[in-house]
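Participant: Take this structure, written in structure tokens, and hold onto it; I'll ask about it next.
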Amino acid sequence: MKKYILADRFFLKNQTENRGYLAIENGKFELFYREKPADADETNTLNYEGKWIAPGLVDTHIHGLLGQDVMDNSVEGLERISDGLLACGVTSFLPTTLTASTETLNAVVKTIGENYHKVTGAKIQGIFLEGPFFTEKHKGAQNTAYFSDPEIEALKKWQELSGGLIKKIAIAAEREGVPKFTEQATASGIKVALGHSDATYEEAKKATEAGATIFVHTYNGMSPLHHREPGMVGAALTLDQVFAELICDGHHVHPAAAKVLMQAKGSNHVALITDCMRAGAMPDGEYSLGEFPVRVQDGMAKLHSGSLAGSILKLNEAVKNVVEWEIASPEEAIRMASFTPAMSTGIEIKCGSISPGLDADFIVLTPELDLLETYLDGEKRFCSKAKKS
């Protein structure tokens with residue numbers, strides 16, 4: 001049955017439209033109409049006058065939520081993360097691993113590959129392998145005991161075990177054999193990202209010339225910008241046709257630095273991500289990230305050394321933050337949290353925009369960008385307390 005969404009603003013794939021009607025049929029987006037369609041009436045129209053409609057958000061870098069972690073290797077944990085993400089406005093995500101032993105990663109990717117279609121909340125659109133091919137100086141919360149040079153055979157094995165679900169892998173650009181590994185991974189359809197790296201600008205550039213297209217949580221876990229050695233940050237800022245992940249919780253990156261990146265890259269090449277760990281949507285206290293204890297307090301997750309250990313950010317909060325910081329328009333913010341991350345990982349044909357033929361996964365926002373409701377396949381799956389009241 002066809003139904004319509006009436007609202008004051010729609011963030012479509014290539015433009016923003018004011019008041020109109022968005023058609024949905026059989027769980028898929030259909031056409032947008034500026035005028036009321038002849039067959040639209042009170043029985044088949046959802047009235048969101050005064051509200052905004054945006055595509056469901058896409059988190060391509062998230063480790064956990066609600067006390068669960070991807071590395072727990074739990075089907076129940078994946079479901080809990082999937083369901084919890086609906087309250088963050090996220091309708092698609094890439095479960096993200098950490099550096100670990102080959103055996104552990106084998107088990108985790110196999111579990112996700114065999115069960116990804118069973119989750120009933122936000123849809124698993126692939127896997128992001130964050131590591132293990134990193135270097136020590138910018139290790140963050142990654143376990144150096146498992147670091148090594150990139151091995152294409154290991155990646156092939158993980159891809160096989162996952163049933164072809166791996167969409168992205170992060171490596172350090174200065175490791176031995178990066179160009180060849182990058183060429184082979186890219187040829188197999190896996191996006192190569194650069195992070196947790198002390199690479200020089202030239203090493204990063206060489207990796208991108210071999211096919212790397214993403215910089216992981218830009219500014220964090222990478223060699224900084226210096227006027228005589230631009231480093232990884234300089235490469236992320238200046239190299240064309242690469243995407244830059246960005247954590248906008250106000251702790252990882254200063255708003256002014258976020259503005260610099262956005263001005264350099266534009267909303268088509270900055271992907272807002274959370275890097276959220278298991279303490280997301282949980283109270284302050286003691287948690288873990290991988291094999292490391294983490295203390296969560298004052299909006300930050302930190303190792304006992306004081307280093308940041310992922311975040312507890314929700315993606316809808318990142319959207320609101322960059323607008324409130326006056327460094328992005330609502331259109332830019334929503335795009336950086338939906339279509340751009342989807343595009344960066346090659347899943348834009350499945351999610352990330354309001355486009356005819358795509359699953360009708362969308363969110364309802366106030367003009368202040370507060371999340372009211374989340375829809376999957378045209379059906380309401382989350383409603384905020386504010387909306388209920």
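The values are calculated or read from the model by the stated rules, or taken from the named source; none is laboratory data. All figures in this text were calculated on a predicted structure; none of them were measured in a lab. Cβ: placed from backbone, ideal geometry, glycine included. Neighbour counts: every protein chain shown.
Participant: Kindly indicate the residue of region 350-389 that is within 17 Å of the chain's Cα centre (by Cα) and of a type in the set (A, V, I, L, M, F, W, C) and also surrounded by the most Cβ atoms within 10 Å (Cβ to Cβ) among those meeting that condition.
Facilitator: Of everything passing the filter in region 350-389, F362 is surrounded by the most Cβ atoms within 10 Å (Cβ to Cβ).
Participant: Could we say that N18 is out of contact with any His (no Cβ under 8 Å at 6 or more places or on another chain), in a helix (DSSP H, G or I) and not acidic (D, E) here?
Facilitator: On the way: out of contact with any His (no Cβ under 8 Å at 6 or more places or on another chain): yes; in a helix (DSSP H, G or I): no; not acidic (D, E): yes.
No: the conditions fail for N18.
Participant: Quick check on region 281-289. Is at least one of its residues among the acidic types (D, E), in the same structural domain as E326 (by TED's automatic domain parsing) and under 30 Å from K156 (Cα atoms)? Talk me through it step by step, then tell me what you get.
Facilitator: Residues of region 281-289 among the acidic types (D, E): 284, 286.
From what is left, the residues that are in the same structural domain as E326 (by TED's automatic domain parsing) are 284, 286.
Within this subset, residues satisfying the condition of being under 30 Å from K156 (Cα atoms) are none.
Within region 281-289 (the criterion being among the acidic types (D, E), in the same structural domain as E326 (by TED's automatic domain parsing) and under 30 Å from K156 (Cα atoms)), the answer is no, since none of the residues qualifies.
Participant: Right, next: Are there strands (runs of 3 or more DSSP E) fully within region 233-349 with at least 3 residues that are over 17 Å from the mean Cα position of the chain (by Cα)? List them.
Facilitator: Ranges flagged: 285-289, 292-297, 300-303.
Participant: Any idea which residue in region 38-49 is farthest from the chain's Cα centre (by Cα), counting only those that are free of Cβ contacts under 8 Å to residues at least 60 places away in the same chain and in a strand (DSSP E or B)?
Facilitator: Here is the first cut: in region 38-49, the residues free of Cβ contacts under 8 Å to residues at least 60 places away in the same chain are 38-47, 49.
Narrowing the set further to residues that are in a strand (DSSP E or B) leaves 45-47, 49.
Details: T45: 31, L46: 29, N47: 30, E49: 29 Å.
Only one residue fits best here, namely T45.
Participant: Further, regarding this structure: Assuming E79 fulfils every condition listed in (1) surrounded by fewer than 17 Cβ atoms within 10 Å (Cβ to Cβ); (2) touching a Ser or Thr at 6+ places or on another chain (Cβ under 8 Å); (3) not assigned by TED's automatic domain parsing to the domain that holds M282 apart from one, which condition is it?
Facilitator: Result: E79 fails condition (3) only.
Participant: Here's a follow-up. Return yes or no: is S101 assigned by TED's automatic domain parsing to the domain that holds D249, over 18 Å from D361 (Cα atoms) and either surrounded by fewer than 20 Cβ atoms within 10 Å (Cβ to Cβ) or among the small types (G, A, S) (or both)?
Facilitator: In short, yes.
Participant: While we're looking at this one, here's another question. Here is a list: T45, T16. Which entry is farther than 24 Å from K350 by Cα and β-branched (V, I, T)? Before you say what the answer is, go through the steps one by one.
Facilitator: Working: T16 fails: farther than 24 Å from K350 by Cα.
That would be T45, the only listed residue that is farther than 24 Å from K350 by Cα and β-branched (V, I, T).
Participant: Kindly indicate which of F362, F292 is at pLDDT below 95 and aromatic (F, W, Y).
Facilitator: Details: F362 fails: at pLDDT below 95.
Of the residues listed, the single one that is at pLDDT below 95 and aromatic (F, W, Y) is F292.
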